[in-house]
Amino acid sequence: MIKHHLPSPEPLHRTVARFGEVTVLVVGDFILDRFVSGVIERISPEAPIPVLHGRGEVLALGGAGNVVSNIVSLGAAAIPVSVIGADQAGDNLMRMLGDLGADIDGMAQRQGRMTSSKSRFSALNQQVLRFDEEEIKPLASGERAALVEHFQAALARADIVILSDYGKGILLDGVAAELVAICRDAGKPVLVDPKGREYARYAGATAVTPNRKELGEAVGRAVFSDDEIVAAARDLIAAHDFEFIVATRSEKGMSVVTAEDARHISTQAREVFDVSGAGDTVIATFALSLAAGADRVHAAVIANAAGGVVVGKRGTARLTVEELSGALFRSHGPVAHQDAILDANAAARMVAAWKEEGLTVGFTNGCFDILHAGHVSLLHAARSQCDRLVLGLNSDASVRRLKGPGRPVNDQHDRACVLAALASVDAVVVFEEDTPLKLIEALKPDILVKGADYTIETVVGADVVQKAGGRVVLVDLVAGKSTTSTIGKLRAGGTN
């Protein structure tokens, strides 16, 4: 069965919120990317070629290094394992991996091995030349033994493994097959970004992630249509014992194919500037999503949104959680109901994504022990002041400290669920402190809303919001409506 799939937004946002709990082991070809920008104003007198006047240079992690970079920028932990040269390019790679905070114990520098590097020269954002420095050479026996040893030591700490094959030699001569076998024995999923036509070297991997052109080369025929993509993927699954294939299809999105099922996800790219490293972002995001508990279709939807963001950037692609959340928000909408109950970190990411979309974010807070008309009126008025409203909810312990041992009447889970179901509330965050100051500092809302029984001077967090350029709004309350009076009526039997 072939389906074009658009899942509900709740599990997508929930998966992204769990990225910080994931550790990914990345093995493959690490490349140093160098971007040189300049201007061309004349032709060389020495030969009929343009003269590029350099104006700046940027170094970036490429190949498997870009996979690591994306994993870290998405809030997860990465363990890189590879062999590179004991040269200047290798030194730069090690320094940049260290700056990311990645565990580099499994990265070995060896004399006699050249670190692959690619220098791209551009004028007015147009690439005019690429200069590659590399030597394609399989690992020596000692290098291979050390790499496998580092891999096995790191595997116990990893939730999932990525083999990033750029054809520079690290995964040649059976290394990929050996690592896949180790993963299978350990029960760890392993994804492969493949290179070349021969996929037997990856046999037994959980999945491979070819683009459409690579998929066609692997089966020896051109593939374009949905049916051709599915047929080619199933040929590879049958031949090499993959669980599934994730085929990236450029402007047409992605396809996830198993022996029994196929799903096609439309692209989310708005404008394509540069596809350098987009595949690295896709496999990094897909792996994180799987390890965070998503099924393969939801993981592909998230990875597809990630790819749509990075092809709109120039240079080697790297993605943040805020950019990914923004892309998911554009294409699949905000979270809802119980999935709108977030912790402070997830809420901060969501608020950042909303702001990236140009939306104004409001904040209000309270105990909301028994929801009544006064609460509903306050929240409706607060939501009218902004595009998205975050509600800070006192925890049970916080309510007891503020209101006494008989409160709350309803526990924090029930209170949060009821509030999250209101149309006026876009996210609920439970806080343990007596005041929401710490949460306000973390979220940095544009608008802080409280009832008119306060003054701006007495609103907790008002100075924080105003200092950041936001504003404080005091809204009128419904007369005679309060939790205390409602509880009094309940105890007196005055309400049903």
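I'd like to verify a number: residues in region 199-213 that are charged (D, E, K, R) and either open to solvent by less than 40 Å² (accessible area, probe 1.4 Å) or at pLDDT below 95 (or both), how many?
If we filter region 199-213 for residues that are charged (D, E, K, R), which is where we start, we get 201, 212-213.
Add one more test, that the residue is either open to solvent by less than 40 Å² (accessible area, probe 1.4 Å) or at pLDDT below 95 (or both), and what stays is 212-213.
So the answer is 2.
All but one of (1) in contact with a strand residue (DSSP E or B) (Cβ under 9 Å, 6 or more places away or on another chain); (2) open to solvent by 60 Å² or more (accessible area, probe 1.4 Å); (3) not β-branched (Val, Ile, Thr) hold for residue 255, so report the exception by its number.
(2)
Going through region 41-76 one residue at a time, which ones are in contact with a strand residue (DSSP E or B) (Cβ under 8 Å, 6 or more places away or on another chain) and open to solvent by 40 Å² or more (accessible area, probe 1.4 Å)?
At the first step, the residues of region 41-76 found to be in contact with a strand residue (DSSP E or B) (Cβ under 8 Å, 6 or more places away or on another chain) are 41-44, 49-69, 71-72, 76.
If the condition is that a residue be in contact with a strand residue (DSSP E or B) (Cβ under 8 Å, 6 or more places away or on another chain) and open to solvent by 40 Å² or more (accessible area, probe 1.4 Å), then 41, 42, 43, 49, 50, 52, 53, 54, 55, 57, 58, 59 are the ones that fit.
From the residues in region 464-488 that are at pLDDT 90 or above and not in a strand (DSSP E or B), which one is least open to solvent (accessible area, probe 1.4 Å)? Let's see the steps before the verdict.
Quick first cut of region 464-488, residues at pLDDT 90 or above only: 464-474.
Narrowing the set further to residues that are not in a strand (DSSP E or B) leaves 464-470.
Values: 464: 42, 465: 4, 466: 90, 467: 187, 468: 77, 469: 69, 470: 21 Å².
So the residue we want is 465.
Give the number of residues within region 186-224 that are closer than 19 Å to residue 167 by Cβ, of a type outside the set (D, E, K, R) and over 25 Å from the mean Cα position of the chain (by Cα).
So the count comes out to 10.
Name the residue, out of 229, 170, 245, that is free of Cβ contacts under 8 Å to residues at least 40 places away in the same chain and in contact with a Ser or Thr (Cβ under 6 Å, 6 or more places away or on another chain).
Details: 170 fails: free of Cβ contacts under 8 Å to residues at least 40 places away in the same chain; 245 fails: in contact with a Ser or Thr (Cβ under 6 Å, 6 or more places away or on another chain).
So the residue among 229, 170, 245 that is free of Cβ contacts under 8 Å to residues at least 40 places away in the same chain and in contact with a Ser or Thr (Cβ under 6 Å, 6 or more places away or on another chain) is 229.
Among the residues of region 354-383, what is the count of those that are under 15 Å from residue 429 (Cβ atoms) and at pLDDT below 90? Break it down stepwise before answering.
Start the filter on region 354-383 by keeping residues that are under 15 Å from residue 429 (Cβ atoms), which leaves 354, 361-368, 379, 382.
When the remaining residues are screened for being at pLDDT below 90, the result is 354.
Qualifying residue count for the region: 1.
I'm told residue 173 meets every condition in (1) surrounded by fewer than 18 Cβ atoms within 10 Å (Cβ to Cβ); (2) farther than 19 Å from residue 280 by Cα; (3) under 27 Å from the mean Cα position of the chain (by Cα) except one. Can you identify the failing condition by its number?
Only one criterion is unmet by residue 173, namely (3).
Identify all residues within region 11-36 that are of a type in the set (A, V, I, L, M) and buried (at least 24 other Cβ atoms within 10 Å of the Cβ); write none if there are none. Even if it seems obvious, please write down each step before you answer.
Of the residues in region 11-36, the ones of a type in the set (A, V, I, L, M) are 12, 16-17, 22, 24-27, 31-32, 36.
Within region 11-36, 12, 16, 24, 25, 26, 27, 31, 32 qualify.
Return yes or no: is residue 219 open to solvent by less than 40 Å² (accessible area, probe 1.4 Å) and either within 16 Å of residue 249 (Cβ to Cβ) or out of contact with any Leu (no Cβ under 8 Å at 6 or more places or on another chain) (or both)? Please lay out each step first, then the result.
Values: open to solvent by less than 40 Å² (accessible area, probe 1.4 Å): yes; either within 16 Å of residue 249 (Cβ to Cβ) or out of contact with any Leu (no Cβ under 8 Å at 6 or more places or on another chain) (or both): yes.
Answer is yes for this residue.
Hey, does region 123-132 have a residue that's more than 28 Å from residue 286 (Cβ to Cβ) and buried (at least 18 other Cβ atoms within 10 Å of the Cβ)? Even if it seems obvious, please write down each step before you answer.
Residues of region 123-132 that are more than 28 Å from residue 286 (Cβ to Cβ), as a first pass: 123-126, 128-129, 131.
When the remaining residues are screened for being buried (at least 18 other Cβ atoms within 10 Å of the Cβ), the result is 123.
The answer is yes; a qualifying residue exists.
Looking only at residues that are in a loop (DSSP other than H, G, I, E, B) and in contact with a strand residue (DSSP E or B) (Cβ under 9 Å, 6 or more places away or on another chain) in region 358-368, which one is most open to solvent (accessible area, probe 1.4 Å)? Break it down into steps so the answer makes sense when it comes.
In the first step, residues of region 358-368 are kept if they are in a loop (DSSP other than H, G, I, E, B); the result is 358-360, 367-368.
Next cut, in contact with a strand residue (DSSP E or B) (Cβ under 9 Å, 6 or more places away or on another chain) only: 359-360, 367-368.
Numbers: 359: 38, 360: 54, 367: 21, 368: 12 Å².
For region 358-368, the residue satisfying everything is 360.
Out of curiosity, is residue 351 open to solvent by less than 30 Å² (accessible area, probe 1.4 Å) and at pLDDT 85 or above? Break it down stepwise before answering.
On the way: open to solvent by less than 30 Å² (accessible area, probe 1.4 Å): yes; at pLDDT 85 or above: yes.
Here the answer is yes, as residue 351 does meet what is asked.
So, in region 345-385, how many residues would count as being among the charged types (D, E, K, R) and touching a residue at least 60 places away in the same chain (Cβ under 8 Å)? Let's see the steps before the verdict.
Taking region 345-385 and keeping what is among the charged types (D, E, K, R), we get 349, 355-357, 369, 383.
When the remaining residues are screened for being touching a residue at least 60 places away in the same chain (Cβ under 8 Å), the result is 349, 355, 369.
Qualifying residue count for the region: 3.
Residues 165, 193, 226: which one is charged (D, E, K, R), closer than 19 Å to residue 300 by Cα, modelled with pLDDT of 95 or more and touching a strand residue (DSSP E or B) at 6+ places or on another chain (Cβ under 7 Å)? Show your work before the answer.
Working: 165 fails: closer than 19 Å to residue 300 by Cα; 226 fails: modelled with pLDDT of 95 or more.
Result of the check over 165, 193, 226: 193.
Need the failing condition index for residue 145 against (1) part of a helix (DSSP H, G or I); (2) of a type in the set (Gly, Ala, Ser); (3) open to solvent by 10 Å² or more (accessible area, probe 1.4 Å); (4) touching a residue at least 12 places away in the same chain (Cβ under 8 Å), just the number.
The single condition residue 145 does not satisfy is (4).
Between a residue in region 35-53 that is closer than 16 Å to residue 122 by Cβ and any residue that is surrounded by fewer than 17 Cβ atoms within 10 Å (Cβ to Cβ) and acidic (Asp, Glu), which pairs come within a Cβ distance under 6 Å, given they are 6 or more apart or on different chains?
36/57
Among the residues of region 236-244, is there at least one that is in contact with a Pro (Cβ under 9 Å, 6 or more places away or on another chain) and modelled with pLDDT of 95 or more? Spell out how you get there, then give the answer.
The first filter runs over region 236-244 and keeps only residues in contact with a Pro (Cβ under 9 Å, 6 or more places away or on another chain), leaving 236, 243.
When the remaining residues are screened for being modelled with pLDDT of 95 or more, the result is 236, 243.
For region 236-244, residues in contact with a Pro (Cβ under 9 Å, 6 or more places away or on another chain) and modelled with pLDDT of 95 or more: present.
Look at region 222-242 and say how many of its residues are open to solvent by less than 20 Å² (accessible area, probe 1.4 Å), outside any helix (DSSP H, G or I) and more than 26 Å from residue 174 (Cβ to Cβ).
1
The values are calculated or read from the model by the stated rules, or taken from the named source; none is laboratory data. Keep in mind that what you see is a predicted model, and the values were worked out from it rather than measured. Note: ideal-geometry Cβ built from the backbone for every residue, glycine included; neighbour counts use all protein chains shown. Note: areas computed on protein heavy atoms with side chains; ligands, DNA, RNA excluded. Shrake-Rupley method; radii C 1.70, N 1.55, O 1.52, S 1.80 Å.
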